[in-house]
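Chemist: First the structure, which I've put down as structure tokens, then a few questions once you've had a look.
What follows is calculated from the coordinates using simple rules that are stated; it is not laboratory data. Since we're looking at a predicted model, the values are computed, not measured. Don't worry about glycine lacking a Cβ; one is built from the backbone with ideal geometry, like all the others, and counts go over all protein chains shown.
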Amino acid sequence: MVWKKNDDPIHPEPTPAAPPRPAVPTPSPTPSGGPSSGHEPPRRTDRATIGASIFIKGDLSGEEDLVIEGRVEGKVDLKQNNVTVGKNGKVKADVSGRVVTIEGEVTGNVFAREQAILRQSGAISGNIQAPRVILEDGSRFKGSIDMETPKELGGLNRERELRPEPSHHEANRAEVAGVKAGA
Amino acid sequence: MSWFSPRGSGPHKEQQGRVQTVAEPEVHRSLALAALFDDIRGRKVQVLDLGPALGSNVEFLSQFGCKLFIEDLYAALATRAPSGDGELAGPEFFAEFLAIPEETRFDVIFAWDLFNYLQRKELVHFAARLSRHCDRGARLFALISILKTMPAQPFRFKIQDEQHLIYERRTSSERPSPRYAPLEVTDIFKGFRVDRSFLLRHGIQEFLLVKD
């Protein structure tokens, strides 16, 4: 299955019967794109959402923030952007992002360049690697937390030391609303 | 039972994810904790926390730049039914509970007051399992009740600072305390010795065990 973001400007044209649009992923602007330094190029503030009824099996990568309310199995790799697993989200995958926020369930490792946040409603069974980790009371966590400050980019590459990357998702990549497969 | 199953069947009395406490948390000085942090200062250590995941403890321990493993023993025990002789956990249980790579080594283990909630036989199994992941010099922090009774569920311990622990009581009901004596502790934890032990006024004896 291939999801493709429509980046073209919208030109309203009369169409007799427009097919229903898929509910997700839906790119939408976000009020803030998370923490960033003044020296970095301006970041895109688009945000894609994987809706509650969607199940994606494959690898996700891209250059915009992502909210997961559905189910994802595979790998979520958005190192430069924020990833949120919403309250309804169920993820069986390693998740990489700038700020990774977990409100739902994650089985897999979490790698955050800046911060990993496990909300009260969230659960992680896996390892967290981030320079800063916030666990809210009542959240569920089983695994290890490595808060050693990762070197720029190099720190995230350490994920392969923690868990060798399975290759069985190679043939099953998805492209989600500007979230490009196989980046 | 799935690890993600809603709690409530387990030992944690929670509503909407919030842990309930039945009394105002108490703050007690911890002499063993202070000694422990003195011992590990300036070292990159691997820590095993056998209590529930608590943000304040994670935040406190982050200053030591450690790698922290969290395995909530009491929550895991609560999912098991006792065997005929009342024993909750045997070697298989602890092998499954600590399913980590054989080469993983812990420098510090926070057992908190969990030993009070294990039978002697279970403690022997658990000590043997922990010992496999400890090299010489590894430290184990434990709190043993010396009172006749203790809360029916373990406290939640939050590290306030290097010398103080916050005790959060989770139940008002009580159960008999096993009152393990220091000699019994060293007998159970073969290969460890009692490095420091402090008897505190509120009926808790702190132990800092060190692997020989």
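Chemist: Let me check I've understood the local charge: for A:Glu105, count other residues with C-beta under 11 angstrom from its C-beta, Lys and Arg +1, Asp and Glu -1. What total comes out? The partial results should precede the final answer.
Modeler: Numbers: positive: A:Arg71, A:Lys87, A:Lys90, A:Lys92, A:Arg140; negative: A:Glu103.
Value of the local net charge: +4.
Chemist: So if a site counts as exposed when it's one of the GluC sites (Glu not before Pro), its DSSP state isn't H, G, I, E or B, and it has at most 11 other Cβ atoms within 10 Å, what's the longest stretch of chain B without one? Show your work: numbers first, answer last.
Modeler: Numbers: sites that count: B:Glu102, B:Glu103.
It runs B:104-212.
Chemist: Sort B:Ile166, A:Ile117, B:Ile144 by Cβ crowding within 10 Å, fewest neighbours at the top. Each step should come with its number before you reach the end.
Modeler: Working: B:Ile166 16, A:Ile117 21, B:Ile144 24.
Ascending number of Cβ neighbours within 10 Å: B:Ile166, A:Ile117, B:Ile144.
Chemist: What residues have an amide H closer than 5 Å to that of A:Val91, excluding those fewer than 5 places away on the same chain, when H is modeled at 1.01 Å from N in the peptide plane?
Modeler: A:Val72, A:Glu105, A:Val106, A:Thr107
Chemist: What's the local net charge at B:Leu143, with K and R +1, D and E -1, over the other residues with C-beta under 10 Å away? Don't skip to the end; give the middle numbers.
Modeler: Working: positive: none; negative: B:Asp113, B:Glu206.
Within the 10 Å Cβ shell, the charges total -2.
Chemist: Shifting gears a bit: Could you pull out the pairs from A:Lys57/A:Lys90; A:Lys90/A:Lys142; A:Lys57/A:Lys142; A:Lys142/B:Lys121 whose alpha carbons sit more than 18 Å apart here?
Modeler: Details: A:Lys57/A:Lys90 12 Å; A:Lys90/A:Lys142 16 Å; A:Lys57/A:Lys142 24 Å; A:Lys142/B:Lys121 25 Å.
Over 18 Å apart, Cα to Cα: A:Lys57/A:Lys142; A:Lys142/B:Lys121.
Chemist: Taking the Cα of B:Arg136, stepping 7 Å toward and past its beta carbon, and measuring to each backbone N in segment B:169-196: which are under 18 Å?
Modeler: So the set is B:190-195.
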